[in-house]
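A quick write-up on the structure given underneath.
The values are calculated or read from the model by the stated rules, or taken from the named source; none is laboratory data. In this text the structure is predicted, and so the values were computed from the model without any measurement. Positions of Cβ are generated from backbone atoms using ideal geometry, with glycine treated the same way; all protein chains shown enter the neighbour counts.
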Amino acid sequence: MTFRQNHLLGIEHLHPDEIVSLLDLSDSYVDLNRRDHKHTDKLTGLTQINMFFENSTRTQASFELAGKRLGADVMNMAMQASSIKKGETLIDTAMTLNAMHPDLLVVRHPHSGAVNLLAEKVNCAVLNAGDGRHEHPTQALLDALTIRRAKGRLHRLSIAICGDIAHSRVARSNILLLGKMENRIRLIGPPTLMPSEVSELGVEVFDSMQDGLADVDVVMMLRLQRERMDGGFIPSEREYYHRYGLDAEKLRHARDDAIVMHPGPMNRGVEIDGTLADDINRSVIQEQVEMGVAVRMAAMELLCRNRGLIPGDAP
Amino acid sequence: MNQGNLTTVFQNARLIDPAAGTEQIGSLIASGGKITEILTQATVSKELFRARNIPDSADIVDCDGKCLAPGIVDIGVKVCEPGERHKESFRTAGQAAAAGGVTTMVTRPDTDPAIDSPETLEFVNRRANEAAPVRVLPMAALTKGRQGREMVEIGFLQDAGAVAFTDCDAVVQDPRVFARCLSYARGLGALVIAHPQDSGLSRGAAVTAGKFATLRGLPAVSPMAERMGLERDLAIVEMTGGRYHADNLSAAAGLPALRRAKEAGLDVTAGVSIHHLTLNEFDVGDYRTFFKVKPPLRAEDDRLAMVEAVASGLIDVISSMHTPQDEESKRLPFEEAASGAVALETLLPAALRLYHAGMLTLPALFRAMALNPARRLGLDGGQLAPGAPADLVMFDPDAPFVLDRFRLQSKSKNTPFDGQRMQGKVLATYVAGRRVWGA
């Protein structure tokens, strides 16, 4: 089974074998990234443009570093400040960039589906770096790599995803990916932060942390998206922390070797206790960041191979 | 083109009579713009020609066994004049209507500016008479600027030709304002049309709530918002005794309330758009904005409930809800894209899908597309009866074709049926006995 995609727009259309081959390649990049000399020339001569229509520090830095370590020429476009403010449409912007012949376009946009729309209009490989509440595929892939390395496998695990599911593209991509790999998925959060008919996605839904965390192998916390809270989804942050914030007491319900994950940036004292987040015996949050660079390198290499930009078949 | 005070004899026609609920081969004579006689014989004999004093110059149309039905009366057509003529004008909308077998367009007032004064209505009347080959009956806004605060001059507007009053998709949120509008309109016998919706719940929504919305990560509204809006409206109708038509129902959840209101004898009717009868939420697929309509496409169960409600007569009217949008307003991320679809030309072929699926008979379809809307507006069209206007559509219900949006008459090409296989073609359209479409 080869990795067949021309774009990485979401987890939805990936085959489990494609996920595995991408993660296998990522492992080799983890090794590279731990060396003193972290550079390859795989993408030399290719151009990568990062278009972020929404604020991002971590993801953008991760993609930038991934491209540079592969030898690509990387350009960052801060789209909030650009012509989009002058009334230019998304498609016009995309066509303008397309005319500069990029090979990889990394896009984050506040609206669901915007990256799909853009991918229809350009000639290069598009990587979705998060679109609205829809998908954030590289985050789910890096989470999967982190879990696989910590647990030794990526199937038949019991995984809890906790908090603001409704506004989270990370949750959607993770539900799809972990479901494809045949894990038990539990969603925990107040009903106001659960999307409609989410149980139809093959998950169990809990509104209590104590019940939901019982005997899970992985606890995945989500950031409470305060900026999307336009209509009173929770009564207060302190009540939210009391009922849904992860602390040592709630974590006791999970398995003793359960790992704690968070896509960042964290709201300490809102969805997670600061001490727990820093506990190197439980928290793999730093590893997630590390895996992020490797997964993005692997994704970009595979897309370039599929498009015949660099030699070699995708694994 | 001799189309003055002409006589036309339609022979060998499959006559679709929605009032009688029948379809049978026969012939129809139209003269002076009206239907004068309907005969059960397939051909009109020489003797009858003489007996009826039919002149030799009479046009003889051999329908070749194809369907002849009353022209469609379409409540809720958006013509983008004034304000957005680049999207649709009275000329292009009128041509689209003629091509689609729509002989009466009942136009929406949600233009820019809104049709909320006798002066703006005057403009619509003038433009419609100049440019449109079919009948145009304008509706007016219910409140000034469709703002939901002050009622329009319902009396003056009625005198100027407004056939109904509606704020379209802008819900009159203040129940007191809406109650006063309905009460005042009742005094004039005016029909109030509303789009039932709880606007608090539906704010910002792009699709219907459910698994699909969750997967696509799009802001969603529960169909319950429509039920809440409808129940509120019906309570106000009960309180005021007004004449009320709910346009564009889409959710099964609202139907019990509608049934109760009708059984209680309230002066209430309801309509549904062709899109909510033939498409569902999954058609949006990968963010296809031509499928973004308002209210959003619903679940398949809702669609089936709507079809059943039309069959049972609980829902009275099928409309195109023709809403032209240019390419620019649709080539955007789904949440930002404009709502609405053009449908004047696809209304009949899409409706025929329900006929071919065995869900609705042809007379039932034309009851909902011609007879009921005409009756609700107090018009004498929509039927095959002597004395009724000779507004007719001749069509072949079986002719297959693949829809090419760029061949539509409408100026805007935003149809969800692009590239789809359709079955059923309009062969000719007649308004007051004059042929306005077809060879």
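Miscellaneous remarks
- Qualifying residue in the stretch B:186-199 (condition: charged (D, E, K, R), buried (at least 24 other Cβ atoms within 10 Å of the Cβ) and modelled with pLDDT of 95 or more): no
- In the set (1) buried (at least 23 other Cβ atoms within 10 Å of the Cβ); (2) in contact with a His (Cβ under 7 Å, 6 or more places away or on another chain), the condition left unmet by residue B:295 is number (2).
Yes/no matrix, rows are residues, columns are (1) small (Gly, Ala, Ser); (2) touching a residue at least 12 places away in the same chain (Cβ under 8 Å):
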{"position": "B:119", "(1), (2)": "no, no"}
{"position": "B:124", "(1), (2)": "no, yes"}
{"position": "B:131", "(1), (2)": "yes, yes"}
{"position": "B:149", "(1), (2)": "no, yes"}
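- Selection count where residues are among the aliphatic types (A, V, I, L, M) and over 21 Å from residue B:105 (Cβ atoms), scope the stretch B:149-169: 2
- The one condition in (1) under 28 Å from residue A:15 (Cβ atoms); (2) modelled with pLDDT under 95 that residue A:175 fails to fulfil: (2)
- Tally of residues being facing another protein chain (nearest Cβ under 10 Å) and either among the aromatic types (Phe, Trp, Tyr) or farther than 13 Å from residue B:286 by Cβ (or both) across the stretch A:94-117: 3
- The set of residues in the stretch A:118-138 that are closer than 27 Å to residue A:260 by Cβ, away from chain B (no Cβ under 14 Å) and not hydrophobic (A, V, I, L, M, F, W, C) contains only A:138.
- For the stretch A:127-137, the condition of being over 30 Å from residue A:192 (Cα atoms) and among the acidic types (Asp, Glu) holds for none of the residues.
- Being surrounded by fewer than 23 Cβ atoms within 10 Å (Cβ to Cβ) and either more than 20 Å from residue B:293 (Cβ to Cβ) or modelled with pLDDT of 95 or more (or both) holds for only one residue in B:142, B:121, B:137, and it is B:137.
- Filter result (over 30 Å from residue B:116 (Cβ atoms) and not in a helix (DSSP H, G or I)) within the stretch B:87-104: B:101
- Being in contact with a helix residue (DSSP H, G or I) (Cβ under 8 Å, 6 or more places away or on another chain), among the aliphatic types (A, V, I, L, M) and modelled with pLDDT under 95 is not true of residue A:170.
- Among the residues making up the stretch B:334-376, those that are within 12 Å of the chain's Cα centre (by Cα) and part of a loop (DSSP other than H, G, I, E, B) are B:342, B:343, B:344, B:345, B:346.
- Residue selected from the stretch B:275-288 under the condition within 13 Å of chain A (Cβ to nearest Cβ) and either assigned to a loop (DSSP other than H, G, I, E, B) or under 22 Å from the mean Cα position of the chain (by Cα) (or both), by the criterion surrounded by the fewest Cβ atoms within 10 Å (Cβ to Cβ): B:285
- The stretch B:319-333: number of residues that are more than 14 Å from chain A (Cβ to nearest Cβ) and either in a loop (DSSP other than H, G, I, E, B) or surrounded by fewer than 23 Cβ atoms within 10 Å (Cβ to Cβ) (or both): 5
- Looking only at the stretch A:139-167, and only at residues there that are farther than 30 Å from residue A:103 by Cβ and of a type in the set (D, E, K, R), the one that is nearest to the other protein chains (Cβ to nearest Cβ): A:164
- Odd one out for residue B:42, checked against (1) outside the structural domain of residue B:293 (by TED's automatic domain parsing); (2) in contact with a Gly (Cβ under 9 Å, 6 or more places away or on another chain); (3) aliphatic (A, V, I, L, M); (4) part of a strand (DSSP E or B): (4)
- Restricting attention to the stretch A:121-139, the residues that are under 19 Å from residue A:306 (Cα atoms) and in a loop (DSSP other than H, G, I, E, B) total 3.
- Search result, residues across the stretch B:55-86 that are under 20 Å from residue B:430 (Cβ atoms), in contact with a Gly (Cβ under 9 Å, 6 or more places away or on another chain) and part of a loop (DSSP other than H, G, I, E, B): B:71
- Restricting the search to helices (runs of 4 or more DSSP H) fully inside the stretch A:1-120 and requiring at least 1 residues that are touching a Gly at 6+ places or on another chain (Cβ under 6 Å) gives A:58-69.
- No other residue among A:120, A:135 is touching a residue at least 60 places away in the same chain (Cβ under 8 Å), closer than 21 Å to residue B:286 by Cβ and acidic (Asp, Glu) apart from A:135.
- Top-ranked residue in the stretch B:300-318 [being buried (at least 21 other Cβ atoms within 10 Å of the Cβ) and assigned to a loop (DSSP other than H, G, I, E, B); ranked as nearest to the other protein chains (Cβ to nearest Cβ)]: B:315
- Segments classed as helices (runs of 4 or more DSSP H), wholly inside the stretch B:150-215, with at least 1 members that are more than 14 Å from chain A (Cβ to nearest Cβ) and not hydroxyl-bearing (Ser, Thr, Tyr): B:154-159, B:175-187
- Residue A:187 being closer than 21 Å to residue A:219 by Cα, among the aliphatic types (A, V, I, L, M) and in contact with an Asp or Glu (Cβ under 6 Å, 6 or more places away or on another chain): no
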